[in-house]
Number of protein chains: 2
Amino acid sequence: MTGAATTPAASATATGWPDAGLWQWYEERRRASTSTVTQVPLDELRGWRTDPVTGDLGHRSGQFFTVTGLDVRGDGGPVPGWQQPIISQPEIGLLGLLVRRRAGLECLVQAKMEPGNVNGVQISPTVQATRSNYTRVHGGTGTPYLEHFVRPVRGSVVADVLQSEQGSWFLGKRNRNMVVEAVGPVPEQENFRWITLRDLQLLMGLDNVVNMDTRTVLACLAAVLRPSTRPTGDAFADLVARGFSPTGGAVERDVDVLSWLTALRSRRPLVARRIGLATVRGWHRDRHAIDHDAGRHFSIIGVDVRTAVREVPGWSQPLLRPRGRGVVAFLARPIGGVLHLLARACVQPGLRDVPELGPTVLCRPENYAHLPAAHRPPFLDAVLCAPPERIRYDCVLSEEGGRFHHAENRYLVVEADERVPVRPPEDFRWVTPRQLAMLLAHSHYVTVEGRSLLAALYSLAGSCP
Amino acid sequence: MTGAATTPAASATATGWPDAGLWQWYEERRRASTSTVTQVPLDELRGWRTDPVTGDLGHRSGQFFTVTGLDVRGDGGPVPGWQQPIISQPEIGLLGLLVRRRAGLECLVQAKMEPGNVNGVQISPTVQATRSNYTRVHGGTGTPYLEHFVRPVRGSVVADVLQSEQGSWFLGKRNRNMVVEAVGPVPEQENFRWITLRDLQLLMGLDNVVNMDTRTVLACLAAVLRPSTRPTGDAFADLVARGFSPTGGAVERDVDVLSWLTALRSRRPLVARRIGLATVRGWHRDRHAIDHDAGRHFSIIGVDVRTAVREVPGWSQPLLRPRGRGVVAFLARPIGGVLHLLARACVQPGLRDVPELGPTVLCRPENYAHLPAAHRPPFLDAVLCAPPERIRYDCVLSEEGGRFHHAENRYLVVEADERVPVRPPEDFRWVTPRQLAMLLAHSHYVTVEGRSLLAALYSLAGSCP
């Protein structure tokens, strides 16, 4: 599906897209979003200042977020130490999806402009707001539909859990992922639309349409609303659906998955300590950016935003701009007739609890270009060299455009061949989609990339709940 | 049961204690534990030093733990700020209980001396060791039975989860709580004994016999092995057993309990920052102790230990000595025929995720003696003034004697009368024992005091799994 991005006609025909008006609406919203995003020097970001002592780049209000530094040491293990810039955003934002039951489940989505999006507007959940946003630190208009989440009607909450975000870019950040069932009629405001869960899942098959915040909330929904296991005639779709079913026999007992993670956590593989941005070794700041000395990993840049479609007409902010496109992939295979995913224990310094479970592969291959082949991430070649018939999902999806600039990852689900071992290396485990979904009722188990891929997999099941 | 402490004869008769040899063994172990614990000046603790810059009191090896300072601020809410000493112990210890199935479940327990115990020796789990201990930083003998937990046989893990400890005294501390089923015969080494789960539960009815580490592991076991709901003829015991049963109808759906906690966590009620011990306001250090200026809360003292029954013949260490005896209580009541406990969202600065669920009442009444009645903790009087027939559990239990000096709490389960509302204040919720137990498969949900009381409640169920 990579490359088919913005014209879904083929995909729509192939899958029997039921709502022709949806794509027109989305395209209209994109055209109506007359926004300009201009890179500006870091010292000229309106409302932001560089702390004279630490060098940290923060908002004058003390709210929103701060670009600071992190010192990371391995705890005697094989992981060496390093320093890096990182985004500190201690306040907890809200990612809220309002749903309702009609013939099937419907979701109230938003066409939302974010300055870091490659294509301006993407599909976002009903509410996507930092606490500073919705308590109106910026003095803008109110957040639509917020009341459904802040004061939910008794019995209407479907899922509500704090989840981590990118642990290499954020320091301990987490957002509240919430799904609430609407009580009574909820009209569509401008830029909002009720769409079926099936349509939202079909949009997941297109490049850069469904944003990260929608994907993580969808994953949390998958923990509650399992796909139907009614046979669809598509063998892989049926395998996926059964993989989410509570009856599916996993090779590892649930307690053994938890025990493996507990053992790894007890070893404290990383010790991370916040330091001033000015003191970070291996990085340098010029007028326009903070860059890695060897040009790897990411840059911090500044942008000025003008728009008619957000709570305020314009603002400035820093953005983290990753180098190159990442690869995020689950290897999958049936074991004993049940679909399993090869999860990796993901060690990132900004996670509050290290490790969390993540995809089999998560990397930016460019960062390994200077290293010998033996240092390439495990299973990267099994993913990149898979024959087309084994590639079950392949889309370019963006990470959060409110903090990251054009942060694209190629997300894949690849059926493993027999060279991938059933007994994996120590920091990998074969788990079922159900086991990952079950853990999503709780915090700090599955990384945001793992959740995105789980939402993608959820969309591959033949029939919706 | 308070006061009946060390002579269990009455209790044993009343409940039909099946193993007369158990008490003799425990008494023998206590007598054999010829240890002396002497208070010594803080500057004369062998192996410990005060950092000349921060004033922190730490071990020269950098291991074990450090007494440091904490600055706590409320986040604009009603909680005012304060500073305090706190114990930092980033490494994760192991609390491991080995079990086996005979006629009923049996547990391998240890009679263990800790310097802060009021009575020297208490019943401890099979393994109770910091990482420094079992990796032998102190150069002592090996930890018996450790191999069952470090390399468990496939399929033998019953429970394995990191759990928090006292959030007012420890900074982010957690221990690995692990239950493993023994494979093959496991002989009793000196100071160890296989006892039935029922006997261990009976010991829970005695003052200062079952230590904190055993109680928290028992609580995690209760999440997996539910008591039998076969009627016993004791109406309250049957009510407790049914409260642990998965069929029990709770007034709050599981997702609503999680959602309530998620909402509270999103508000960030406390912001805690580590500071140097020397800069802590409101506390002072003299030769023998670090004390609160008004004599409240706790002191930090130093002790010198001589013993023949531990891995090394002697050592020195700081201990935290609380002022006065605490009260830890759950109010309980049947709602719709199902037992519910009034859990409180417990806000403590040292918890990694604030709040966790804790008992209805957790306080040291002495700390409130100088305040007007309106500032007394909610429901404290409902607990302390309950008529005897409503008091279902009443024991003095100690917190961890390896860090705390004579830290006794009076633990109670009290049946609430009609003055306690079914619709509780915002930071309280009625939950079933099953709901608390279910959360114990995961980290950071239930405080250590909540877990102790849950283990006590588990012991009140008529019949064992």
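The values are calculated or read from the model by the stated rules, or taken from the named source; none is laboratory data. Everything quoted here is computed from the prediction, not taken from an experiment. Methodologically, a virtual Cβ is constructed for each residue, glycine included, from the backbone with ideal geometry; neighbour enumeration extends over all protein chains shown. The protein model used for the area step is the full one, side chains on, heavy atoms only, and it has no ligands, DNA or RNA in it. Shrake-Rupley method; radii C 1.70, N 1.55, O 1.52, S 1.80 Å.
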Quiz item: Where the label is 7 Å out from Cα toward Cβ, how close does residue A:253 come to the same position in every other copy, in nm, shortest first?
Solution: 3.1
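Averaged per residue, what accessible surface does the stretch B:138-241 expose to a 1.4 Å probe, in Å²? Write down the numbers at each step before the final one.
Working: 3450 Å² over 104 residues.
Value for the stretch B:138-241: 33 Å² per residue.
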Quiz item: Hey, which residue of B has the C-beta nearest the axis mapping B onto A, and what's the distance in Å?
Solution: B:442, 2
Quiz item: Rg (Å, one decimal) plus Dmax (Å, integer) for the alpha carbons of the stretch A:312-465?
Solution: 16.3, 56
Quiz item: Just how large is the dipole of the protein assembly as shown about the Cα centre, in debye to the nearest 20, putting +1 at every Lys and Arg Cβ and -1 at every Asp and Glu Cβ?
Solution: 280
Quiz item: Shape call for chain B from the C-alpha gyration tensor, a ≥ b ≥ c root eigenvalues: rounded (a/c under 1.5), prolate (a/b greater than b/c) or oblate?
Solution: oblate
Exercise. Please give the residues of the stretch A:145-162, grouped as numeric ranges, whose backbone N is less than 14 Å from a label point set 7 Å along the Cα-to-Cβ vector of residue B:253.
Key: A:152-161
Practice problem: Arrange the residues A:297, B:442, A:340 by how much accessible surface each exposes, largest first, with a 1.4 angstrom probe. | Solution: A:297, B:442, A:340
Quiz prompt | R0 of 41 Å, Cβ-Cβ distance residue B:369-residue B:53: FRET efficiency to nearest 0.05 | solution = 0.65
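Mind checking the mean number of beta-carbon atoms from other chains within 10 Å of the Cβ atoms in A:431-444?
Partner Cβ neighbours, averaged per residue: 2.
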Self-check item: Contact order normalised by residue count of chain B, Cα under 8 Å, 6+ apart, percent
Solution: 23
Self-check item: Span from the the stretch B:221-243 Cα centroid across to the the stretch A:333-386 one, whole angstrom
Solution: 45
Practice problem: Write out the trypsin sites (Lys or Arg not before Pro) in the stretch B:239-320 meeting two conditions: DSSP loop, and at most 10 other Cβ atoms within 10 Å of their Cβ. | Solution: B:287
Quiz item: Among bridges DSSP assigns within the protein assembly as shown, what percent are antiparallel (round to 5)?
Solution: 80
Practice problem: Calculate, in whole percent, how much of the Cα-Cα pair population of the stretch A:99-230 lies beyond 18 Å. | Solution: 58
Quiz item: Per residue, what volume in Å³ does the Cα convex hull of the protein assembly as shown take up?
Solution: 173
Quiz item: Which of the lysines could be linked to residue A:173 by a straight reach, that is with a Cα gap under 22 Å, when you skip same-chain ones fewer than 8 residues away?
Solution: A:112, B:173
Quiz prompt | In the B-A interface, the accessible area buried, summed over both sides, Å² (probe 1.4 Å) | solution = 2800
Exercise. Pick out, from B:457, B:180, A:261, the residue whose Cα sits farthest towards the positive end of the charge dipole of the protein assembly as shown, with +1 on the Cβ of Lys and Arg and -1 on the Cβ of Asp and Glu.
Key: A:261
Quiz item: When the helices in chain A are scored as -39500 (n - 2.57) per DSSP H run of 4 or longer and the sum is shared across all residues, what 222 nm value do you end up with, to the nearest 500 deg cm²/dmol?
Solution: -5500 deg cm²/dmol
Exercise. Run through the other copies and list how far each one's label point is from that of residue B:369, in nm with one decimal, shortest first; the point sits 7 Å from Cα along Cα-Cβ.
Key: 7.2
Self-check item: Within the accessible area of chain A (1.4 Å probe), percent carbon and sulfur
Solution: 52
Exercise. Leaving ligands, DNA and RNA out of it, work out the accessible area of residue A:113 with a 1.4 Å probe and give it in Å² to the nearest 10.
Key: 10
Quiz item: Taking the Cα atoms of the stretch B:226-362 alone, what are Rg (to one decimal) and Dmax (as a whole number) in Å?
Solution: 21.8, 59
Quiz item: If you take the charge dipole of the stretch A:83-144 about its Cα centre, with +1 on Lys and Arg Cβ and -1 on Asp and Glu Cβ, which of A:104, A:94, A:83 is farthest toward its positive end?
Solution: A:104
Quiz item: To one decimal in nm, how far is residue B:147 from the same spot in the other copies, if labels go 7 Å from Cα toward Cβ? Please give the shortest first.
Solution: 6.7
Self-check item: Relative contact order %, the stretch B:329-454, counting alpha carbon pairs below 8 Å whose residues are six or more apart
Solution: 34
Quiz item: How many angstrom separate the Cα center of the stretch A:28-75 from the Cα center of the stretch B:267-320?
Solution: 41
